[in-house]
1. Of all residues in segment B:83-113 being out of contact with any strand residue (DSSP E or B) (no Cβ under 9 Å at 6 or more places or on another chain) and facing chain A (nearest Cβ under 10 Å), which is farthest from A:MET362 (Cα to Cα)?
2. Does A:TYR484 meet the test of being under 24 Å from A:ALA95 (Cα atoms), of a type in the set (Ser, Thr, Tyr) and touching a residue at least 40 places away in the same chain (Cβ under 8 Å)?
3. Of everything in segment A:120-139, what is closer than 16 Å to A:LYS54 by Cβ and either in contact with an Asp or Glu (Cβ under 9 Å, 6 or more places away or on another chain) or surrounded by fewer than 22 Cβ atoms within 10 Å (Cβ to Cβ) (or both)? Give them in sequence order.
4. If A:TYR131 meets every condition in (1) touching a helix residue (DSSP H, G or I) at 6+ places or on another chain (Cβ under 8 Å); (2) under 27 Å from A:GLU554 (Cβ atoms) apart from one, which number is that one?
5. If you go through segment B:138-170, how many residues are assigned to a strand (DSSP E or B) and under 29 Å from A:GLY152 (Cβ atoms)?
6. What is the residue count in segment A:553-611 for residues that are of a type in the set (Phe, Trp, Tyr) and within 14 Å of chain B (Cβ to nearest Cβ)?
7. I'd like the residue in segment B:112-137 that is in a loop (DSSP other than H, G, I, E, B) and not charged (D, E, K, R) and, out of all such residues, is nearest to the chain's Cα centre (by Cα).
Amino acid sequence: MSDEATMVAEEAPAVEHSLNDAVPGAIIGEWAEETEKALFVAPDKLLPLLRHLKENEAYDYLSSLTCTDYLSYGGKKRGGISERFDVVYHLFSTANKGGSLNLHVRVPEGDTVDSATSIYPGANLQESEVYDLYGIHFAGHPNLRRVLTWDGFHGHPMRKDWKEAYFEEDAKPFRSRHPKGGYQWQEDKLPWGKNATYPPEWDPETWEKPISYVPVSQAPHHKPGDIDTDSLVINFGPHHPSTHGVFRMLTRVEGETIIALEPEMGYLHRNHEKIGERNTWLMNMPFTDRLDYINSMSNNWAYALAVEKLAGIEVPERAEYIRVIMAEFSRTLNHMWGIGFILNDLGALQTPAQYAIEEREMILDLFEEVSGARLMCNYMRFGGVVRDLTPGWVERARYLANERLPRALDMLDRLLSDNEIVRGRGYGVGYLPPEDLIALSISGPMLRAAGIKYDVRKAEPYGIYDRFEFDIPTLSDGDIYARYYIRLLEAREAVRILQQALRDIPGGEVQGAPAYASATLDQGFGTIMGGKGGYTLRPPEGEVYHRVEAPKGELGFYLVSDGKANPFRYHVRSPSFINLNGLGPMSVGYKVADAVVILGAIDIVLGEVDR
Amino acid sequence: MTTTPEGGFQALKEEQIQQYLHDSIVVPEELQANVLVTTVDKIYNWSRKASMWPLLFGLACCAIEMIATASARFDLARFGMEVMRPSPRQSDLMFVSGTVTKKMVPAIVRIYNQMAEPRYVVSMGACATGGGPFKEGYTVVSGIDKYIPVDIYVPGCPPTPEALIYGLMKVHEKVERQSIQQVPWYRKERSEFVPIPVLGPDIFDPRQVQLIREHTLGEGAAQAATDDGGGITLKPNLLTAEQKQQLREIKARYMAAKQPA
């Protein structure tokens with residue numbers, strides 16, 4: 001720990017907090033905003049505090065771990081501390097439902113933070129991500145490496161002083177496009193015509209590529225008397241039909257048995273967070289579509305809810321119903337798609353998937369009717385939805401929810417659940433005990449397939465979920481078969497919610513807050529781009545973490561506002577990315593062919609993994 | 001074409017065949033039931049376009065629409081291309097379906113090089129065409145055509161299946177316009193492989209090494225390199241002494257761990 005941090009700890013006013021009784025000197029500051037309360041932790045007391053919280057206060061679930069660079073925050077201190085980097089932890093308790101505990105650790109540049117992986121193994125990938133994007137070293141992390149960029153990448157791109165090749169200005173709208181115009185192509189400004197920057201003094205002729213190791217070299221364990229065999233590393237991907245996109249798995253196998261597996265990602269790292277900090281708040285909405293591109297509606301809703309919480313925007317009744325309907329339709333289609341592709345990975349190529357996605361097209365037609373797009377709906381706004389349902393939409397949706405979808409789910413159940421191959425390949429494969437799943441921060445259907453009745457819709461209800469009657473199905477096995485079957489059961493519950501919501505949907509407005517909620521293209525370019533500034537949303541200074549139960553797990557948005565028209569920090573806690581923490585532990589001991597299905601049953605989407 | 005149901009099918013069939021027949025040679029009427037005269041180009045292109053083998057290769061969101069296109073509702077099988085091959089050696093049409101990132105480009109170029117000629121590339125969606133909404137991002141390539149040649153661009157974010165099918169029709173039209181006398185893959189000279197981009201501090205194309213040197217080291221350095229005949233070359237990545245030592249240590253550790261206790 002550095003001297004500055006000690007100094008800060010002494011300077012900080014004495015904080016009365018109950019946690020200071022358990023771990024003396026742990027809490028050195030508080031920063032209460034209207035939205036969220038933040039506790040500042042002394043860097044050297046972080047691990048004892050986390051251990052205390054996990055063991056004595058039942059905060060067993062590390063939901064989000066991220067970082068913010070306060071370099072350009074207008075010189076303001078938060079909680080009396082002004083170090084540059086702020087590592088943020090959001091802890092939840094799966095037993096005691098309820099809100100989060102927000103811990104902040106402020107460190108200066110070049111300082112290290114103790115790794116939380118010894119207490120919460122789920123911090124593994126998230127700490128690697130923070131190291132990659134912000135350059136913060138975590139002492140004691142087992143495998144700190146660049147996960148989203150590549151070894152040898154210059155700089156840490158999410159720092160506020162790191163500029164990309166196509167950098168124009170810190171915040172949109174860019175002056176070169178609006179209002180004056182006269183935009184020049186960025187490629188034309190760079191001599192090599194490509195989106196790349198090179199450090200000064202770098203010589204490509206003498207440069208040597210750094211050797212990068214992805215540590216899958218766990219030594220094979222031999223029992224005495226065994227045949228002495230050699231193990232080898234098998235590479236899957238990034239171009240492989242069973243990795244669900246551009247994902248790479250490095251497996252060390254002995255014979256056909258996996259003894260170590262390391263996921264390698266970043267092949268679809270599209271810089272959502274960097275672009276999100278340049279965008280205005282509303283401009284991020286279409287980008288959220290492209291996170292989990294199977295369910296754009298859920299992502300829209302999660303982001304809209306987070307911003308509404310930050311800015312205190314009310315949503316009218318009808319819009320709440322429409323949002324629930326859209327989210328549950330997308331949960332149904334996601335689970336049907338997921339089931340189809342688990343079967344694909346089991347070797348039943350195409351046919352079950354074709355059956356499973358038949359109804360998906362009908363749901364997409366409904367989405368297209370209201371939003372204009374099949375996949376990238378961009379339908380929700382802060383304070384409502386962008387436009388009302390079209391005439392006759394509710395009737396068509398009712399037909400789907402009351403007749404087609406239950407029938408389709410029953411058919412899938414009948415065709416697949418008793419299938420001998422599905423059972424044979426599914427039972428007992430990819431098992432992890434429930435406590436390991438929680439420790440690894442895994443969320444969504446995977447938790448419920450292992451008997452943990454944890455669903456954000458019930459644990460911390462958002463929207464109007466407290467009005468509907470639905471169950472959280474759980475299964476106790478925690479294997480591939482349970483993960484397949486839980487999706488079927490959850491889709492049935494989603495249909496149940498849909499039936500109730502479509503029955504009860506009231507009339508009325510769909511946009512509550514004026515102006516920025518209803519800013520559509522019809523109202524002119526200036527409205528959206530914030531030409532006059534009148535319609536641009538500027539949430540009050542503060543921060544918010546809001547999570548929803550997306551079909552793939554817990555989707556959270558961590559947003560920091562400095563009161564301007566652009567988010568100061570825009571972080572996505574994506575379920576697919578963090579669920580991959582479990583891929584290695586789940587696959588060890590099984591065959592290579594099983595690893596494909598284990599990955600399929602996690603149900604990842606690469607747009608969300610790499611962001 | 002007649003519209004009556006009974007004459008319609010026959011007329012449609014005749015019309016469809018008509019485009020593959022020789023333009024000027026007229027077959028005598030008594031032989032028309034048995035003999036069709038066509039050209040090598042026409043029959044060659046017809047068979048190529050009617051049995052395209054797309055590469056099973058998805059990058060991002062557009063891949064979902066590609067799957068939808070191949071599925072029952074839009075049914076790519078109507079155009080003789082329902083079987084997608086995951087191996088580039090067996091396929092001749094590549095959909096670049098989604099955002100191309102710098103980390104992925106070397107793999108895409110390698111896959112493109114591995115495809116046997118004749119090969120076609122469809123750039124599907126805004127991202128593959130020009131970077132799309134993520135163009136300004138620091139690891140996003142603004143268009144796959146900066147690295148490999150593209151035949152057809154399909155706009156949209158993502159393109160609807162209908163748009164993709166329209167793009168495929170355009171690929172078919174392009175195939176039909178080609179002549180076996182002029183196509184590059186029957187020429188004597190070997191077709192060139194696209195050099196594979198390298199991931200340095202940032203991605204760079206081996207063909208642009210000189211340009212980058214001029215920029216990072218100043219004009220003089222670039223001049224010196226050209227003086228001693230240094231063209232556009234890139235040295236192979238030789239291991240340094242330390243790296244070799246590092247490798248030896250790792251191997252020793254591994255061997256030691258492998259020994260039964």
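1. B:ARG110
2. No; evaluated as a whole, the condition is false for this residue.
3. Hits for segment A:120-139 are A:TYR120, A:PRO121.
4. Looking at each condition in turn, A:TYR131 falls short on (1).
5. 1
6. Going through segment A:553-611, the residues of a type in the set (Phe, Trp, Tyr) turn out to be A:557-558, A:568, A:570, A:577, A:590.
The next check asks that each one be within 14 Å of chain B (Cβ to nearest Cβ); those that pass are A:570.
Here the count works out to 1.
7. Among those that are in a loop (DSSP other than H, G, I, E, B) and not charged (D, E, K, R), it is B:MET115.
Here is a yes/no grid of residues against (1) under 15 Å from A:PHE329 (Cβ atoms); (2) under 24 Å from the mean Cα position of the chain (by Cα); (3) crowded, with 19+ Cβ neighbours inside 10 Å; (4) in the same structural domain as A:ASN579 (by TED's automatic domain parsing):
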{"position": "A:ALA459", "(1), (2), (3), (4)": "no, yes, yes, yes"}
{"position": "A:ILE464", "(1), (2), (3), (4)": "no, yes, no, yes"}
{"position": "A:ILE472", "(1), (2), (3), (4)": "no, yes, no, yes"}
{"position": "A:ASP477", "(1), (2), (3), (4)": "no, no, no, yes"}
{"position": "A:TYR481", "(1), (2), (3), (4)": "no, no, yes, yes"}
{"position": "A:LEU488", "(1), (2), (3), (4)": "no, yes, yes, yes"}
{"position": "A:LEU498", "(1), (2), (3), (4)": "yes, no, yes, yes"}
{"position": "A:ALA501", "(1), (2), (3), (4)": "yes, no, yes, yes"}
{"position": "A:GLU509", "(1), (2), (3), (4)": "no, no, no, yes"}
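The values are calculated or read from the model by the stated rules, or taken from the named source; none is laboratory data. In this text, all values refer to a predicted model and were calculated from it rather than measured experimentally. Every residue, glycine as well, gets a Cβ built from its backbone with ideal geometry; the counts of neighbours run over all protein chains shown.
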